[in-house]
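K.L.:
Attaching a single structure in structure tokens format; questions to follow.
The values are calculated or read from the model by the stated rules, or taken from the named source; none is laboratory data. Only a predicted model underlies this, so the values are computations on that prediction, with no experimental measurement involved. Here the Cβ is made from the backbone with ideal geometry for all residues, glycine too, and neighbour counts use every protein chain on show. Accessible surface areas use protein heavy atoms only, side chains included; no ligands, DNA or RNA. Shrake-Rupley method; radii C 1.70, N 1.55, O 1.52, S 1.80 Å.
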Amino acid sequence: MKLQPRQQLLDIWKAVARASLDGDRWAWGGRDGSNSISDTEQLLCLMFPASELTAFKIDVPDETAEDVLDALSTLGDSVEVPKRLIRVISEYLDTYTDDLGRPVFAGGSYFKSSEPGQEPTKEQQALDVVDSFSMSVTLMLSVLGF
């Protein structure tokens, strides 16, 4: 078996980019809809490699590799990709910040009821999830690196 980590990561980026756009709008949410966990994971798929691996940097348009641009072509060109990601990150921060400026780590649609046909209450959906907190910290560190 031949391992090709660069190509595999580029394939993941291509799939994430394709799945993340609905026309020209960012499409939030995974299989269970938008929530603080799936939305963070969606952004982390792009932001973590872009901030941690020099070969995958996308914040300097003139230095972005051609194969990276090809993988992210759904999101735009070398200038549009970082601009779009900044807009999406701003939208994410607006969504997961309350009226007092505090971060929101609620599970929302992540929670499912063990009772068939019964949905979790609003109070239950508002419960914080450690997973959301830990991934949000990682995302914000990646954003700072970006």
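K.L.:
Please give every one of the lysines within straight-line cross-link reach of Lys112, meaning a C-alpha to C-alpha distance under 22 Å, and leave out same-chain neighbours fewer than 8 residues apart.
P.N.:
By straight Cα distance, Lys112 reaches Lys122.
K.L.:
With θ set to phi - 60°, apply the Karplus curve 6.51 cos²θ - 1.76 cosθ + 1.60 along segment 41-46 and write out the HN-Hα couplings as whole Hz, x wherever there is a Gly or Pro.
P.N.:
Those phi angles translate into 4, 4, 5, 4, 4, 9 Hz.
K.L.:
If you fit an axis through the alpha-carbon atoms of helix 80-95 and take the longest principal axis of the Cα set of the chain, what angle between them do you get, 0 to 90°, nearest 10?
P.N.:
Tilt relative to the chain: about 10 degrees.
K.L.:
With point charges of +1 on the Cβ of Lys and Arg and -1 on the Cβ of Asp and Glu, referenced to the Cα centre of segment 97-146, which listed residue (Gln118, Val130, Leu144) lies farthest in the positive direction of the dipole?
P.N.:
Projecting each Cα onto the dipole axis, the largest value belongs to Leu144.
K.L.:
Rounded, prolate or oblate: which fits the chain when a ≥ b ≥ c are the square roots of the eigenvalues of the alpha-carbon gyration tensor, with rounded for a/c under 1.5 and prolate only if a/b beats b/c?
P.N.:
prolate
K.L.:
Amide H to amide H under 5 Å from Asn35: which residues, 5+ apart in sequence or cross-chain, H placed 1.01 Å off N in plane?
P.N.:
Those lying under 5 Å, H to H, from Asn35 are Gly29, Gly30.
K.L.:
In whole Hz, what ³J(HN,Hα) sequence does segment 14-27 give by Karplus (6.51, -1.76, 1.60; θ = phi - 60°), x for Gly and Pro?
P.N.:
Each residue of segment 14-27 in turn: 4, 5, 5, 4, 5, 6, 8, 10, 10, x, 10, 9, 6, 9 Hz.
K.L.:
Hey, another quick one. With label points built 7 Å along Cα→Cβ from the Cα atoms of Ser34 and Ser90, find their separation and express it in nm.
P.N.:
Between Ser34 and Ser90, the label points sit 1.6 nm apart.
K.L.:
Give me the number: length gained by fully extending Arg18 to Gln124, i.e. 0.36 nm times residue separation minus the C-alpha to C-alpha distance, one decimal in nm. Walk me through the numbers before you get to the answer.
P.N.:
On the way: separation 106, 0.36 × 106 = 38.16 nm, distance 3.24 nm.
Result for the pair: 34.9 nm of gain on full extension.
K.L.:
For the chain, give the percent of accessible area contributed by carbon and sulfur heavy atoms, probe 1.4 Å, rounded to a whole number.
P.N.:
The computed percentage sits at 55.
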